[in-house]
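Novice: Structure incoming, see below.
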Amino acid sequence: MMRKVIIIVGVSFSLLLAVIFWIHGNFDRIAREAIVNYGSEMTQAKVSVDQVSIDMINGKCVIKNFILANPEGFQADYAIKVKEFNLEIAPSTFTEHLILIKRIQIVAPDIIYERSDKSTNFDMIQRNIAAYLGPTKAQSPDDKKVIVNQLSIKDGKIQALAAFMNGQPVVFDLPDLYMKNLGKAENGLSPGQLGQVIVSALKKELIATVNFTKLANGALDAAADLAKTVQESPGEMVNKLKSLF
């Protein structure tokens, strides 16, 4: 009888170890699929990620080649592209209801800020997230929440694009963005709510940096000026063409 008990305990322990190792070996893939599926559903734009690497012992997470495509109705291939960004998570909270993210660092994001006839791509992304988080999307008490101590976005570039620019974007530097204690006052934010906060802050910087009305007026002035070059020399005409954007 004792021998049977020992065998059963041994088999159970072996199965438990196998499950632990399976979870550990597949956790990166599971996390990557969650980011892609949840992000695409929330923004109504395709999200792709090449790789997610999670070190649960030290609380390190690296996401590589993150791309958020443009919503429907916009021409550019993507809205945001980031080669790599890093998260530092308190290891003891990985399996808790409230996850503490000590730091999110996003370096050198490539952002296309595109304006259509009615709105911008970031207006649309923000509306899509808001619709996803609307009153019809009830949150379960068991859903994970997060608090972010620090978030930084540094060394980003903005490609401003609109129909009147004929596919030739104007590039701006994105002001560095720092945020602290996200979700602390609310005792945690859902991943969707965190995404809404970040997109709202990012859109505020985009609006402050890129003035599409000014760009349009500049294009009209340049076009009018170019019309006068018909009587000018080829060299002068080339120089004015170069100065359009």
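Novice: Carbon and sulfur together cover what percent of the accessible area of segment 165-220 at a 1.4 Å probe radius?
Specialist: C and S fraction of accessible area: 54 percent.
Novice: Collect residues whose amide H, placed 1.01 Å from N in the peptide plane, falls under 5 Å from the amide H of Q51; neighbours closer than 5 in sequence don't count.
Specialist: Here the answer is K64, since their amide H atoms fall under 5 Å of that of Q51.
Novice: Now a separate question. Can you tell me the alpha carbon radius of gyration of segment 24-180 divided by the globular rule-of-thumb value 2.2 N^0.38 Å? Provide the component values of the computation, followed by the final result.
Specialist: On the way: Rg = 16.9 Å, N = 157, 2.2 N^0.38 = 15.0 Å.
That ratio works out to 1.12.
Novice: Quick one: which residues, 5 or more positions from K46 or on another chain, have an amide H under 5 Å from its amide H? H modelled 1.01 Å from N in the peptide plane, none for Pro or chain starts.
Specialist: A69
Novice: Across segment 149-165, in residue order, what do the Karplus-derived ³J(HN,Hα) couplings come to in whole Hz, using 6.51 cos²θ - 1.76 cosθ + 1.60 with θ = phi - 60° and x for Gly and Pro?
Specialist: Values, residue by residue: 5, 9, 9, 9, 10, 10, 6, x, 10, 10, 9, 7, 9, 8, 4, 5, 8 Hz.
Novice: Of K60/K157; K144/K203; K145/K180; K154/K203; K81/K145, which ones are farther than 18 Å apart at the Cα? Don't skip to the answer; put the middle values down first.
Specialist: Values: K60/K157 26 Å; K144/K203 26 Å; K145/K180 16 Å; K154/K203 15 Å; K81/K145 25 Å.
In this structure, K60/K157; K144/K203; K81/K145 lie more than 18 Å apart at Cα.
Novice: Non-local amide H neighbours of I80 (under 5 Å, H modeled in plane, Pro and chain starts lacking H): which ones?
Specialist: L68, I112
Novice: Now a separate question. Could you give the spread of the C-alpha atoms of segment 156-216 along their three principal axes, from largest to smallest, in whole angstroms?
Specialist: 46, 20, 17
Novice: So, in Å, what gap is there between the alpha-carbon centers of segment 48-125 and segment 155-198?
Specialist: Result: 10 Å between the Cα centres.
Novice: Can I ask one more? Using θ = phi - 60° and the Karplus form 6.51 cos²θ - 1.76 cosθ + 1.60, what ³J(HN,Hα) does each residue of segment 170-176 get, whole Hz, x for Gly and Pro?
Specialist: 9, 9, 10, 7, 7, x, 4
Novice: While we're on this one: Taking the Cα atoms of segment 34-116, report the difference between the largest and smallest coordinate on each principal axis, in whole Å and largest first.
Specialist: The Cα atoms of segment 34-116 stretch 45, 25, 19 Å along their principal axes.
Novice: In whole Hz, what ³J(HN,Hα) sequence does segment 101-110 give by Karplus (6.51, -1.76, 1.60; θ = phi - 60°), x for Gly and Pro?
Specialist: Going residue by residue, I get 9, 5, 7, 10, 10, 10, 10, 6, x, 9 Hz, with x marking Gly and Pro.
The values are calculated or read from the model by the stated rules, or taken from the named source; none is laboratory data. Just so we're clear, the structure is a prediction, and the values are computed from it rather than from any experiment. Ligands, DNA and RNA are stripped out before the accessible areas are found, and what is left, the full protein with its side chains, is counted by its heavy atoms. Shrake-Rupley method; radii C 1.70, N 1.55, O 1.52, S 1.80 Å.
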